[in-house]
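See below for the structure under consideration.
The values are calculated or read from the model by the stated rules, or taken from the named source; none is laboratory data. Since this is a predicted model, take the numbers as computed values, not measurements. Cβ: placed from backbone, ideal geometry, glycine included. Neighbour counts: every protein chain shown. To get the accessible areas, we keep the full protein, side chains included, count just its heavy atoms, and leave off ligands, DNA and RNA. Shrake-Rupley method; radii C 1.70, N 1.55, O 1.52, S 1.80 Å.
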Amino acid sequence: MTTILAIETSCDETAAAVIVDGTTIASNIVASQIDLHAQYGGVFPEVASRAHAEVISAVVAQAMTDAALDYADIDAIAVTQGPGLVGSLLVGINFAKGLALATGLPLLGINHLEGHIYSLWLAPDFVEPGFPLLALIVSGGHSELVLMRGHGAYQRLGGTIDDAAGEAFDKVGRLLGLPFPGGPAIELAARDGDLRAYDFPIARTQGTYDFSFSGLKTAVMRAATVKPTARRKGREHSVERQATLRDDVSTGDVAASFQEALTDALARTASRAAADFDARAVLLSGGVSANSRLREKLAGALDLPVWTPPLSLCTDNAAMIGAAAYYRYIAGHRSSLDFEARASWRLSEDIYAD
Ligand code: KG4
Ligand code: ZN
């Protein structure tokens, strides 16, 4: 039996979990900072790292208490090494290094995106479907299409060339005056809307497996908001914040049509990649994988099993980091105590492979 204590602080959730044999959750604690960041309409890095520092010790202690274990029962400590906000990553990494030093336990630095993929291994009914698998990771910071040829063996097929899928949800949510994060709010608003009310464009990325969502966001802004005045023009970000919704616009219709266009783009490209690479199944993960329209669309577009994590494991958590770390651990990987946080880290770039 291999028991791993995992820590995740890459963005705005302070999380710790204890995972047994890569598939069983002994404990899973997530302290969300969403309320802190809602006032800024997005994650504010300095606020995030300070908040991580305040609660990390209590979150890890709670994970150990919930699992009813002490450090003598733990085989390794895993922590998200990147990609993410460096100030946030460092809080988790330094805490994990301190623990590893104090306990003498081995330490593993884990890629956050690999963690999202392994959230599927924690789904109660998941049976490993064989390889290759096509992973679609869609979150606030990432939209990646990755071919998984085996445990820890990845080929990046494509990804967003501008906004991440979750970022597009968040920006459009802000335009529509919906609460942060925009994804769940748009999904809710879309239920009362007509998905054919607007024909928003889907960027063509023919010949690649890339996505592009910034044109879609601009189309929503044009259709739904009053033109910004010359004085307000300037940084795109400030235009979004200051844009005013037109009186005749139905939030539900815009939300439903936007969600339809974005999920179409994801489903279309993923199904093309799955066919081109003979994938055995599709693994959908990341915060946006909570979206039920996306789940439906992917299942409809593919003649393959589509696996999705339980809702509680779609957004950031440490359980998924523990699951990924298990496969690294049994493959003999270990990180040195002086490893550094990585703000960006593509999955195909395997730092363990030397
Ligand atoms: O994976 P995650 O917690 O953090 C990152 O690693 O980025 O993903 C958060 C993102 C946010 O952009 C949020 O709007 C989006 O996931 N999200 C959703 C839904 N729930 C969360 N997007 C669409 N529909 C949802 N139901
Ligand atoms: Zn994430």
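It is to be established whether one or more residues within the range 96-106 are part of a helix (DSSP H, G or I), buried (at least 24 other Cβ atoms within 10 Å of the Cβ) and either away from ligand 2 (no atom under 16 Å from the Cβ) or free of Cβ contacts under 8 Å to residues at least 40 places away in the same chain (or both). Looking for residues that are part of a helix (DSSP H, G or I), buried (at least 24 other Cβ atoms within 10 Å of the Cβ) and either away from ligand 2 (no atom under 16 Å from the Cβ) or free of Cβ contacts under 8 Å to residues at least 40 places away in the same chain (or both), one finds at least one in the range 96-106, hence yes.
Quick one: which residue in Ala281, Ala275 is closer than 18 Å to Phe131 by Cβ, hydrophobic (A, V, I, L, M, F, W, C) and loosely packed, with under 15 Cβ neighbours inside 10 Å? Walk me through how you get there before you give the answer.
Working: Ala281 fails: loosely packed, with under 15 Cβ neighbours inside 10 Å.
Matching residue, one of Ala281, Ala275: Ala275.
For the range 114-151, what are the residues that are in contact with a helix residue (DSSP H, G or I) (Cβ under 8 Å, 6 or more places away or on another chain) and in a helix (DSSP H, G or I)?
Here is the first cut: in the range 114-151, the residues in contact with a helix residue (DSSP H, G or I) (Cβ under 8 Å, 6 or more places away or on another chain) are 114-119, 121-123, 126, 128, 134-148, 151.
Residues satisfying the conditions are Glu114, Gly115, His116, Ile117, Tyr118, Ser119, Trp121, Leu122.
With respect to (1) part of a helix (DSSP H, G or I); (2) of a type outside the set (Asp, Glu); (3) modelled with pLDDT under 95, the lone exception for Ser348 is condition (1).
Taking every residue in the range 4-15 that is more than 17 Å from Pro181 (Cα to Cα) and pairing it with any residue that is surrounded by fewer than 24 Cβ atoms within 10 Å (Cβ to Cβ) and charged (D, E, K, R), at least 6 positions away or on another chain, the pairs with Cβ-Cβ distances below 8 Å are Ile4/Asp75.
Give the range 32-75 a look and list any residue that's open to solvent by 30 Å² or more (accessible area, probe 1.4 Å), among the small types (Gly, Ala, Ser) and modelled with pLDDT of 90 or more, or say none. Hits for the range 32-75 are Ala53, Ser57, Ala58, Ala61, Ala68, Ala72. Scanning the range 287-335 for residues that are farther than 30 Å from Leu188 by Cβ, at pLDDT 95 or above and assigned to a loop (DSSP other than H, G, I, E, B) yields a total of 4.
Say whether the condition of being within 20 Å of the chain's Cα centre (by Cα) and within 30 Å of Val59 (Cβ to Cβ) is met by at least one residue in the range 125-134.
First, pick out the residues of the range 125-134 that are within 20 Å of the chain's Cα centre (by Cα): 126, 133-134.
If we keep only those that are within 30 Å of Val59 (Cβ to Cβ) as well, we get 126.
Taking every residue of the range 125-134 in turn, at least one turns out to be within 20 Å of the chain's Cα centre (by Cα) and within 30 Å of Val59 (Cβ to Cβ).
For Ile25, the stated conditions hold: it is over 18 Å from Arg342 (Cβ atoms), assigned to a strand (DSSP E or B) and in contact with a Leu (Cβ under 8 Å, 6 or more places away or on another chain).
Which one of Gly159, Gly141, Gly166, Gly173 is within 16 Å of ligand 2 (Cβ to nearest atom), in contact with a Pro (Cβ under 8 Å, 6 or more places away or on another chain) and open to solvent by less than 10 Å² (accessible area, probe 1.4 Å)? Can you show your working first?
Values: Gly159 fails: in contact with a Pro (Cβ under 8 Å, 6 or more places away or on another chain); Gly141 fails: open to solvent by less than 10 Å² (accessible area, probe 1.4 Å); Gly173 fails: within 16 Å of ligand 2 (Cβ to nearest atom).
Within the list Gly159, Gly141, Gly166, Gly173, the selection yields Gly166.
Among the residues of the range 108-144, which ones are away from ligand 1 (no atom under 16 Å from the Cβ) and within 17 Å of Asp350 (Cα to Cα)? Residues satisfying the conditions are Leu108, Gly109.
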